[in-house]
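What follows is a short report on a single structure.
The values are calculated or read from the model by the stated rules, or taken from the named source; none is laboratory data. Owing to the predicted nature of the structure, the values given are computational and were not obtained by experimental measurement. A quick note on method: Cβ atoms are made from the backbone with ideal geometry, for glycine too, and the neighbour counts reach across all protein chains shown.
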Amino acid sequence: MPLADHLPVIDDRRHADLVAEARARIPRYTPEWTDLNDNEPGMAVVQLMAWLAEMLLFRLGQVPQLNRVKFLALIGMRLSPARAASAEVGFGTVAGFPEPTVIVPLHTQVAAEPPGGGAPVVFETEAPLVAITAALDAVLLDSGFELVDASAANADAETGFAPFGRTPRAGAALMLGFTSDLPFPAGVLDLAFFVQPPRGGRGRAPRVVPGGSVAPRAPATLAWEHWNGSEWVPLDLLDDGTLAFTRSGHVRLQLPTAQAPAGVPEPAVMGGTAGARYWLRARLAAGAYTTGPVLAAVRTNTVAVRQAQSVDGEILGRATGLDDQVYRLANAPVLAGSLVLQVDEGPGFETWTEVDDFYASGPEDRHYVLDRSTGDVRFGRGAALRVPMANPNRPSNVLALAYRFGGGAAGNVPAGAINALRASVPGIDADAVANLQPAGGGTDEETLEAAEERAQQQLKSRERAVTAEDFELHAKAAGAARAQSLPLVHPDFPGLQVPGVVSVVVVPPAAQADPLADPAPLPTEALLRDVCAELDARRLLTTELYVVAPRYREVVVAATLSCRAGVDLASVKQQALVALQRWFHPLVGGDDATADDDGAGWPFGGDIYHSALVQRLLLPGVRRVNDVRLWIDGVEQPACSDVALDDGVLLASGAHQLTMVAER
């Protein structure tokens, strides 16, 4: 949105308001003035002065905000446009389909119905998908000592399972069984692996995305193989986006054709499973894990989707050859890098290039500036810049060949919500389309207040990440709701100071309309990578950078609330529970949070003060707060004492236990 739309009106009194105010004051200050009709000469003067005062009020009302908006424009600040959410969506195939594979085209649209009604939120696939009709319905864990059936855990995608056991050893394997009445397809097989997210910050380290001088490397080497009826035969690994199951991602395998010397996959019965299946396995060949990986699920026919819609061949208008030509796209906000703009000045349509500004543009450069929030396409002016010329043979010669639009916090839909296929795809079951995990990364357009705060820090950072504040500023610019920079902190060596290391803790925006519905929001790996890419371009060359998810500690409060006689105990208890959940929340909590207004979030590593806790429970109708007890991660804390937290740690509300007592 243009900054000019934020110009406020400080004093909104109009001419009639000023005249009425003056008429009301006349009897008080000049009681001898009794004729207040409009035909009286004195009232004519009052009306004239009111007209002049209205003009002055209007002009003065624009000055403070005008100066702020103009200053932001002077330093090149723009309101950050809305960001599009992303997710992974699985496409189930129709049972009995006669072909072994089904092609889902690029930009196939699926939608999610918002909980409160309204227009559906549309997503598009980011890549074409070759779906297989074989069903992955068996998962076996071979630790070398025993064979464990994890098919049920893989189906519910919540329990989680360790593919190589809790203590991985060389030779342990994850075996995947596929059921199909057709031969197993040849070509490239895409498998999606979802890592089990940490719960409550206990038991497992938070998800980490390294950047800067640290190249992401897999801690172990996995050998992929298939069963050809008599032995395990190696498969070609094309790409491992999971880094040996240490993060969520895709694994692409090259399946053999019928002419392969070692043969193709053949069905067999393994591990006591019922029925013959085609089997693939990932065997731990070398290396060692610091912490054994834990998977939530393995899925086939899964592809990344983004909250966007594609537009092809939109005519914008006719070029005039004049300065400052502006054309507006029919849809906004526009996804970055998606607009392909062409202009036909006579020889035919030629593609123009989008730039951030015209400072480096010359008279021969076909450049334009795009406001992604409004969809305005602006060309330059003057002899130093090139402007599109008119074409008498083509009435409309400015063409948006293709672009994509979409974005906003509405795209952060929960798991299973992206389930409506907008157009039928032969071979795809429309009732078997869903996202296994919630969508994330969608944000609304930046507010003017947030832009003013960002401008102050950006003037100090100058697009570089050197100080702790710089890292936090650019992390939030990449889509994080909150961020904290921890210098000298390495995620693999807690408690030690490691020179040259910076870890940035990232809290995502609220994934739902009610932030309290998720007491411990975790960033998606896509958001972690976006933040890492943003910081990597601005870090010092010698900085070892890590972007990590926050570590939460579960807090449970137990107390007895004594209320005045006649007070609705159930209502007071509900208010107290909401007050505790809001106070401890990482996005809307903190000491500045009230029942009506959100706070800045519980501070990173913020201590819990006993007096502040009691104060939160002293709601209207509550006389006394007794027997206050506190548990952190299930461990009871000393009574009537403050609780200290480590740096970078946040709190997640558990099941608070409040006892209500009515006084006589």
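For this structure, a couple of remarks:
- When residues of region 96-113 are limited to those that are in a loop (DSSP other than H, G, I, E, B) and surrounded by 15 or more Cβ atoms within 10 Å (Cβ to Cβ), the one modelled with the lowest pLDDT: GLU113
- Taken together, the residues in region 329-355 that are within 20 Å of ASN391 (Cβ to Cβ) and touching a strand residue (DSSP E or B) at 6+ places or on another chain (Cβ under 8 Å) amount to 10.
- All positions within region 237-280 that are touching a Phe, Trp or Tyr at 6+ places or on another chain (Cβ under 9 Å), under 19 Å from SER151 (Cα atoms) and of a type in the set (A, V, I, L, M): ALA268, MET270, LEU280
- Taking residues in region 611-639 that are at positive phi, and partners anywhere that are of a type in the set (Asp, Glu), the pairs with Cβ atoms closer than 9 Å and at least 6 places apart or on different chains are GLY621/ASP568; ASP633/GLU554; GLY634/GLU554.
- Total residues in region 224-265, condition in a loop (DSSP other than H, G, I, E, B) and touching a Ser or Thr at 6+ places or on another chain (Cβ under 8 Å): 4
- Among residues of region 126-150, those that are farther than 16 Å from ARG281 by Cβ and surrounded by 20 or more Cβ atoms within 10 Å (Cβ to Cβ), counted: 4
- Failed item, numbered, when ALA276 is tested on (1) modelled with pLDDT under 95; (2) buried (at least 20 other Cβ atoms within 10 Å of the Cβ): (2)
- Test for VAL19: is it of a type in the set (Val, Ile, Thr), at pLDDT 80 or above and over 30 Å from GLY441 (Cα atoms): yes
- Residue list for region 279-309, restricted to those being surrounded by 14 or more Cβ atoms within 10 Å (Cβ to Cβ), of a type outside the set (Ser, Thr, Tyr) and not in a strand (DSSP E or B): GLY292, PRO293, VAL294, ASN301, GLN307, ALA308
- Contact map, region 449-463: residues that are in the same structural domain as ARG538 (by TED's automatic domain parsing) paired with residues that are among the basic types (Lys, Arg) and part of a helix (DSSP H, G or I), Cβ distance under 7 Å, separation 6+ or inter-chain. Pairs shown: GLU452/ARG68.
- Within region 490-512, being part of a loop (DSSP other than H, G, I, E, B) and either under 22 Å from the mean Cα position of the chain (by Cα) or on the phi < 0 side of the Ramachandran plot (or both) holds for HIS490, PRO491, ASP492, PHE493, PRO494, LEU496, PRO508, PRO509, ALA510, ALA511, GLN512.
- In region 451-467, residue farthest from the chain's Cα centre (by Cα) [restricted to those that are surrounded by 18 or more Cβ atoms within 10 Å (Cβ to Cβ) and of a type in the set (A, V, I, L, M)]: ALA465
- From PHE164, PHE194, residue being farther than 28 Å from GLU266 by Cβ, at pLDDT below 95 and in the same structural domain as ALA282 (by TED's automatic domain parsing): PHE194
- Test: ALA390 is surrounded by fewer than 19 Cβ atoms within 10 Å (Cβ to Cβ) and either without any contact (Cβ under 8 Å) to a residue 12 or more places away in the chain or assigned by TED's automatic domain parsing to the domain that holds ALA155 (or both): no
- Screening the candidates HIS490, HIS474 for the property of being of a type outside the set (A, V, I, L, M, F, W, C), in contact (Cβ under 8 Å) with a residue 24 or more places away in the chain and touching a strand residue (DSSP E or B) at 6+ places or on another chain (Cβ under 7 Å) yields one hit, HIS490.
- Check on ALA579, on the phi < 0 side of the Ramachandran plot and assigned by TED's automatic domain parsing to the domain that holds GLN637: yes
- Looking only at region 468-489, and only at residues there that are out of contact with any Lys or Arg (no Cβ under 8 Å at 6 or more places or on another chain) and in a loop (DSSP other than H, G, I, E, B), the one that is surrounded by the fewest Cβ atoms within 10 Å (Cβ to Cβ): ALA481
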